[in-house]
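Read the structure below first, then the notes.
The values are calculated or read from the model by the stated rules, or taken from the named source; none is laboratory data. All values derive from a computational prediction rather than experimental measurement. All Cβ positions, glycine included, derive from the backbone under ideal geometry; neighbour counts span all protein chains shown. All accessible areas refer to the heavy atoms of the entire protein, side chains included, with ligands and DNA or RNA removed. Shrake-Rupley method; radii C 1.70, N 1.55, O 1.52, S 1.80 Å.
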Amino acid sequence: MKAEDYDLQRSLEPSFVSSLYENPEPGVWVKAAGTLGKTLRLEQRGDKITASCSTRIDEESLKSLLALETGLWYENPLRLLGRAPEPFRGILKALAEVYRGVRIPIAPHDAKYILLSVLLSRRADYRMVRRWCSAIWSKYDGDLEKLASLRPSVLKEITRSYQLFEAVKVIREIIRRFGSLEDWVEGLAAKPPELARLTLLSIEGIGPKLADSIILSISRAPHFAPCDVHLARLVRRMGLIPDFRLPVKSLCARYICVEDLAERYGLRPCPLRGSCLRAILTSRLGMLAGWFQTLAYLHGRSFCGAVKPACDKCPLKELCNLPNKGN
């Protein structure tokens, strides 16, 4: 499969889809869990993506899955940059130069796995999340109902971190309310992303960032932008949106961010949509919003940290408003 302007490593590494894979070397990803787990291997050499699968699957089904999990279903965002308004366009172009080839992988067929990896990511380094997931997949694979039934003493054999115990509480609540994870996944998939988000936000333990991360990772909804610390920090330091506020669950659970989408679904638009970071990014960037969030994450991890950012080495330092950068 030929893929121009595409980087498998940069696309998968920040994605929650990567929690289903092992990454033995740059450009090589081996699926460990979920659909085709333990049978699928992806590799990029130049602009060519090769996939080998040791189980029987028809060619069209494999192509469809590969398009989703590599992110190649998502139109080359470089072709969409002309639609972005300033000052976003300049920042997006600069980020795209540094982090070339990034797309948005999704795995709707493995939604319950994505649910767990997103829940584990709360206030956790994603590299640690992937290690936790690897341990869980090796022991329980996709049987998250079994995971949810385990005693605390058994869960502690995986990790003593509170993220796992909180994730299990949420999974138990989903099973209690929806009957099973499969029924929950079916119900979510049957709804438009905006309405699926409202369902997620009705669950205790899932806030706006986690809900948006789940939707972005299982749906063709690149206009969803999870407002994590990396995104908020980059927007603030670049001076893209003055005095913005982060999404608030009590409002997100009742309203829709964008006015025309609210009208489409017969709901009210959020009264804070003029100052909310998510609402502004959704309305101004549209299908580039999720891509922007991914680039912001990569940049935050590489240069724009909360403490001692690497301003002297940052390729975006000329565009940045951070005082005393480089000192």
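Listed conditions (1) touching a Gly at 6+ places or on another chain (Cβ under 7 Å); (2) loosely packed, with under 15 Cβ neighbours inside 10 Å; (3) of a type in the set (D, E, K, R) are all met by Asp110, apart from (2). Scanning segment 195-236 for residues that are out of contact with any Phe, Trp or Tyr (no Cβ under 9 Å at 6 or more places or on another chain) and among the polar types (S, T, N, Q), we see that the one that is nearest to Ile106 (Cα to Cα) is Ser219.
Of the residues making up segment 139-151, just one is assigned to a helix (DSSP H, G or I), without any contact (Cβ under 8 Å) to a residue 24 or more places away in the chain and open to solvent by less than 40 Å² (accessible area, probe 1.4 Å), namely Tyr140. Annotation note: of Ala296, Ala253, the sole residue that is surrounded by fewer than 19 Cβ atoms within 10 Å (Cβ to Cβ) and under 25 Å from the mean Cα position of the chain (by Cα) is Ala253. Do we have Arg123 as on the phi > 0 side of the Ramachandran plot and either basic (Lys, Arg) or surrounded by 20 or more Cβ atoms within 10 Å (Cβ to Cβ) (or both) here? Answer is yes for this residue. Looking at Ile174, Ile136, can you tell me which residue is β-branched (Val, Ile, Thr), part of a helix (DSSP H, G or I), closer than 21 Å to Pro226 by Cβ and touching a helix residue (DSSP H, G or I) at 6+ places or on another chain (Cβ under 7 Å)? The unique qualifying residue is Ile174. Considering (1) over 24 Å from Leu120 (Cα atoms); (2) of a type in the set (D, E, K, R); (3) without any contact (Cβ under 8 Å) to a residue 60 or more places away in the chain, the lone condition that Lys249 does not fulfil carries the number (1).
Comparison of Ser61, Ser19 shows that the only residue that is among the hydroxyl-bearing types (Ser, Thr, Tyr), more than 17 Å from Pro222 (Cα to Cα), out of contact with any Phe, Trp or Tyr (no Cβ under 9 Å at 6 or more places or on another chain) and open to solvent by less than 60 Å² (accessible area, probe 1.4 Å) is Ser61. Can you tell me which residues in segment 184-235 are crowded, with 22+ Cβ neighbours inside 10 Å and either in contact with a strand residue (DSSP E or B) (Cβ under 8 Å, 6 or more places away or on another chain) or of a type in the set (Asp, Glu) (or both)? Of everything in segment 184-235, just one residue is crowded, with 22+ Cβ neighbours inside 10 Å and either in contact with a strand residue (DSSP E or B) (Cβ under 8 Å, 6 or more places away or on another chain) or of a type in the set (Asp, Glu) (or both), namely Asp212.
Does Pro271 satisfy the criteria of being part of a loop (DSSP other than H, G, I, E, B) and at pLDDT 95 or above? Here the answer is yes, as Pro271 does meet what is asked.
So which strands (runs of 3 or more DSSP E) are wholly in segment 1-101 and hold at least 3 residues that are closer than 30 Å to Asp125 by Cβ? By residue number, 21-25, 28-31, 40-45. Could you tell me whether segment 27-37 includes any residue that is touching a strand residue (DSSP E or B) at 6+ places or on another chain (Cβ under 9 Å), within 16 Å of Arg100 (Cα to Cα) and open to solvent by 20 Å² or more (accessible area, probe 1.4 Å)? Within segment 27-37 (the criterion being touching a strand residue (DSSP E or B) at 6+ places or on another chain (Cβ under 9 Å), within 16 Å of Arg100 (Cα to Cα) and open to solvent by 20 Å² or more (accessible area, probe 1.4 Å)), the answer is no, since none of the residues qualifies.
Taking the listed residues Arg41, Arg56, the one that is among the charged types (D, E, K, R) and modelled with pLDDT of 95 or more is Arg41, with no other qualifying.
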